[in-house]
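Please read the structure below before turning to the comments.
The values are calculated or read from the model by the stated rules, or taken from the named source; none is laboratory data. Because the structure is predicted, anything quoted here is derived from the model rather than measured. Counting neighbours? That spans all protein chains shown, and the Cβs are built from the backbone with ideal geometry, glycine included. For accessibility, only protein heavy atoms count, side chains too; no ligands or nucleic acids. Shrake-Rupley method; radii C 1.70, N 1.55, O 1.52, S 1.80 Å.
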Amino acid sequence: MILRFRATIPQSKIFYKVYAVKGDMNLFDFNAFILGDLGFAPDQMVIFEGYDEKGVLCGEYGLFDMGDGAMDSVSFGSLVEKGQTEIRYFYDMRNNRYIKLVFEGEETGLTSGIFPMLLDEKGHAPEQFSTSYEDYEAVQNLIPHPSGPAKDEDLDDDDDEEDDEEDDEDGVEIYDEDE
């Protein structure tokens, strides 16, 4: 059985990845795959959480058994059978940052290949330890257009004008009251 999951980041309206995963693949093996796919450091603590369709937390799966099973003993198929159709992959537990994997159904067109398989993607991967996700496309309008400079006069830093201030030896500005 091949399962289809869509990965998104709650802070992004652009980023997504669609994965085809074998139902018997365990979370530990998927962790190794997604670390490589996203370019994350493999030496960080991660955790998976399983949620039902109502958004209720049903299980936590870590490197060791925290009561619901360890990553290496829990498969994607078993989570879907239990009704855990949303899986949160916490890759930065300190900042509570995760990737949400939502079950979209069985993938009937794929019968062979190397799994997990990336089927579709958009946007760039998040930085593992950044405190926020930045969408390039969302800030694209803020980048100056090559046809001309920005018109904001406050950004003008004219070095040709002489300043009416001097610095003393300690770096403290001294203002001349006569000018």
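Side notes on the structure shown:
Let's see how each residue does on (1) surrounded by fewer than 20 Cβ atoms within 10 Å (Cβ to Cβ); (2) within 16 Å of PHE90 (Cβ to Cβ); (3) touching a residue at least 12 places away in the same chain (Cβ under 8 Å); (4) of a type in the set (A, V, I, L, M):
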| position | (1), (2), (3), (4) |
| --- | --- |
| ARG6 | yes, no, yes, no |
| ILE9 | yes, yes, yes, yes |
| GLY23 | yes, no, yes, no |
| ASN26 | yes, no, yes, no |
| ASN31 | no, yes, yes, no |
| PHE40 | yes, yes, yes, no |
| GLN44 | yes, yes, yes, no |
| ILE47 | yes, yes, yes, yes |
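- Elements of the type strands (runs of 3 or more DSSP E) sitting completely within region 26-112 and holding at least 2 residues that are touching a helix residue (DSSP H, G or I) at 6+ places or on another chain (Cβ under 8 Å) and at pLDDT below 90: there are none.
- Just one of the listed residues (GLY62, GLY67) is farther than 22 Å from ALA125 by Cα, without any contact (Cβ under 8 Å) to a residue 40 or more places away in the chain and open to solvent by 20 Å² or more (accessible area, probe 1.4 Å), namely GLY67.
- Some residue of region 71-78 being within 19 Å of the chain's Cα centre (by Cα), open to solvent by 50 Å² or more (accessible area, probe 1.4 Å) and of a type outside the set (D, E, K, R): no
- Among the residues of region 23-38, the ones that are over 17 Å from THR85 (Cβ atoms) and over 11 Å from the mean Cα position of the chain (by Cα) come to 11 in all.
- Neighbours by Cβ (under 9 Å, 6+ apart or cross-chain): first from region 79-92, small (Gly, Ala, Ser); second assigned to a strand (DSSP E or B): GLY83/GLY50; GLY83/CYS58
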